[in-house]
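Encoded as structure tokens, the structure appears first; notes follow it.
Rule-based calculations on the coordinates, nothing more; no lab input. Predicted, not measured: the structure shown is a model, and the values here were computed from it. No Cβ is skipped: glycine too gets one built from the backbone with ideal geometry, and neighbour counts run over all protein chains shown.
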Amino acid sequence: MIKPGKPSIFIVMLLSLPCGMVLAGPVQPPLPDGKALAEACFSCHGEGGRGGGRIPALAGQDMTGLQQKMLALRSPSPGSTIMPRLMRGYDTDEIAALADYFAGVSP
Amino acid sequence: MNTGRRAFLATLAGGLAAPALLRAGTAAHVIVLGAGFGGATVARLLAGVPELRVTLIERDATIHTCPFSNGVLGGLWPMERIAFDLVALGRAGVRLIRAEATGIDPETRSISLADGTRLTGDVMVLAPGISFDWAAIEGLSPATAEQVPHAWKAGRQTEILREQLVAMEDGGLVVVGIPAPPFRCPPGPYERISLIAHYLKTNKPASKILVLDAQDAFSKQPLFEEAWASLYPGMIERVPGSASGAVMAVDAGTMRISTGFDDVTAAVANIIPPQRAARILTDAGLDDGLGWCPVEPVGFESRVAPGIHILGDAALQGDMPKSAFSANGQARACARAILARLAGHEPQGAKLLNVCYSLTAPDYGFSIADVYEPGPEKVSLVLSEGRTTALGASAETHAAEAEYARSWFDTITSQLYG
């Protein structure tokens, strides 16, 4: 039983885990390697996702916002070009790992 | 150190488990052959690691990129746009050796240079690109390529073809010969046809392009044909492989180009020969007799010789096309694998991307965009449907894709050479 006002050992452990790992249950594997996945994006989005020419920067953005954007990009919308074709190739764990990585890069 | 450089180093440091390398005491020697999109990427990434010594062997002082070389032919931009020196790689800590490599001994991981020098590495990364199969087309040779350029390795060949197009009189016939696959840059010949057509329409509108193609179907075919019908009606005629389109013989003296069915006389002929992995690799047996070099799908290490990684156009890795985008992604995966191995870890695969933009006019672009996954045997395409820009896309979409193409080119070349 978690008492209000006092962090549980569970929360302390969660906070101390390295980037890219989420403790969702004892049998769940960690998230995929966000940095390794993200490197595929750098030749357009810039090194570390810091932006490249006309392609938007991703570095340092809010993780949840990035994650929602990437999930939404799996479906084409007016004005979209290549991103729906790419994002549908990633599962939700991979998208979470990508968002977690880019959110942690200093812009 | 500029911001881009710092960012590049930070990218790598995130993935590096340094302690085991530090324990090793002496810096491991990484030899990289070729400063194109594969070799320059891996050299620049690994040069930021203090525990490694990186030597890059490159024949040319100036790299001319194949991406965007069709824009030079079409008069969209000058040669300078695709020319890059290697000064920044040297500044980044890469030891540059400007020399022709003449032989590789996979057993000892050593490489011989034209002056007799021999270099030995702990790890080798080979990214020398392609060689032409000159014998496949009668009358074609490195010598006749001065009159009948391939322009499939950018640089002087690009200039020759451009000069011939500029010198041609209005009403001339341009013949483009396309080989059977696999070849470097699957949509490249068709982008080239488009941008030559753009130049002719603007400057020599009575001229025609005859495409003699060993292939029946080709990359992004419906999109190219849609663009040709709308931008260049009546200018381009294509003979596919099933109608004996393959070029069989060339007479550089008379400019007579022969297929199995017909002969034509060209004002300008751009004949692209069939291709295989660079000869230095096949001579060393790294292709295992296949013409292309088999590699594993995580770190692109040779199936023939451990400790030797082969990247880009020369590699037989599975489904990824022979493109600059692919070579760059493979090089990043290779750098991660080398660092993991040196740190005593098993390399882990991650999904890869390929995006190939094609321009059919300055503001008319489209693309193929794919996700790939390292499987147990090969790199596999994740989704086989809906890979390209839709047919009937708006002018705004085509203009945006052209803009993104230019942005990608400027970003990737600044990461490697800037």
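Below are the figures for this structure:
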{"read-out": "Mean separation of Cα contacts under 8 Å (6+ apart) over length of region A:34-103, as relative contact order %", "value": "38"}
{"read-out": "Counting all C-alpha pairs of region B:151-213, share separated by more than 13 Å (%)", "value": "64"}
{"read-out": "DSSP beta bridge pairing in chain B, given as percent antiparallel to the nearest 5", "value": "50"}
{"read-out": "Neighbouring partner chain Cβ atoms per residue of A:81-93, average, 10 Å criterion", "value": "6"}
{"read-out": "Rel. contact order, % - alpha carbon contacts under 8 angstrom, at least six apart, chain B", "value": "18"}
{"read-out": "Per-selection Rg to Rh, chain B - Cα, Kirkwood hydrodynamic radius", "value": "0.98"}
{"read-out": "Cross-link partners of B:K208 among aspartates and glutamates (Cα-Cα below 14 Å; sequence separation of 8 or more within a chain)", "value": "B:E169, B:D170, B:E237"}
{"read-out": "Cβ-based net charge around B:L391, under 15 Å, with every Lys or Arg adding one and every Asp or Glu removing one", "value": "-1"}
{"read-out": "Cβ neighbours within 10 Å from other chains - mean over B:371-380", "value": "1"}
{"read-out": "Within-14-Å neighbourhood charge of B:S242 [Cβ basis; K, R +1; D, E -1]", "value": "-1"}
{"read-out": "Cβ-placed point charges (K, R +1; D, E -1), dipole of the protein assembly as shown about Cα centre in debye, nearest 20", "value": "1600"}
{"read-out": "Hits among lysines - C-alpha to C-alpha of A:K35 under 30 Å, sequence gap 8 or more where chains match", "value": "A:K69, B:K322, B:K351, B:K378"}
{"read-out": "16 Å cut-off, amide nitrogen to a point 7 angstrom out along B:W77 Cα→Cβ, residues in region B:381-418", "value": "B:400-418"}
{"read-out": "Chain B: calculated mean residue ellipticity at 222 nm from DSSP helix runs of at least 4, using -39500 (n - 2.57)", "value": "-9000 deg cm²/dmol"}
{"read-out": "Evaluated over region B:30-167, the Cα radius of gyration and Dmax, each in Å", "value": "17.0, 54"}
{"read-out": "Neighbour net charge for A:P84 - beta-carbon separation under 13 angstrom, K R +1, D E -1", "value": "+3"}
{"read-out": "Net charge dipole size for region B:134-274 [Lys, Arg +1 and Asp, Glu -1 on Cβ; Debye, nearest 20]", "value": "360"}
{"read-out": "Normalised per residue, the volume of the convex hull around the Cα set of region A:34-103 (Å³)", "value": "79"}
{"read-out": "Fraction of antiparallel bridges per DSSP, the protein assembly as shown only, in percent to nearest 5", "value": "50"}
{"read-out": "Relative compactness, region B:134-274, computed as alpha-carbon Rg over 2.2 N^0.38 Å", "value": "0.96"}
{"read-out": "Centroid-to-centroid separation of region B:338-375 and region B:104-147 [C-alpha atoms, Å]", "value": "25"}
{"read-out": "Peptide A:31-38 - average C-beta neighbours from other chains (10 Å radius)", "value": "4"}
{"read-out": "Rg/Rg_globular for the protein assembly as shown, with Rg_globular taken as 2.2 N^0.38 Å and Rg from C-alpha atoms", "value": "1.01"}
{"read-out": "Check: region A:34-103 dipole with +1 on Lys, Arg Cβ and -1 on Asp, Glu Cβ, in debye", "value": "320"}
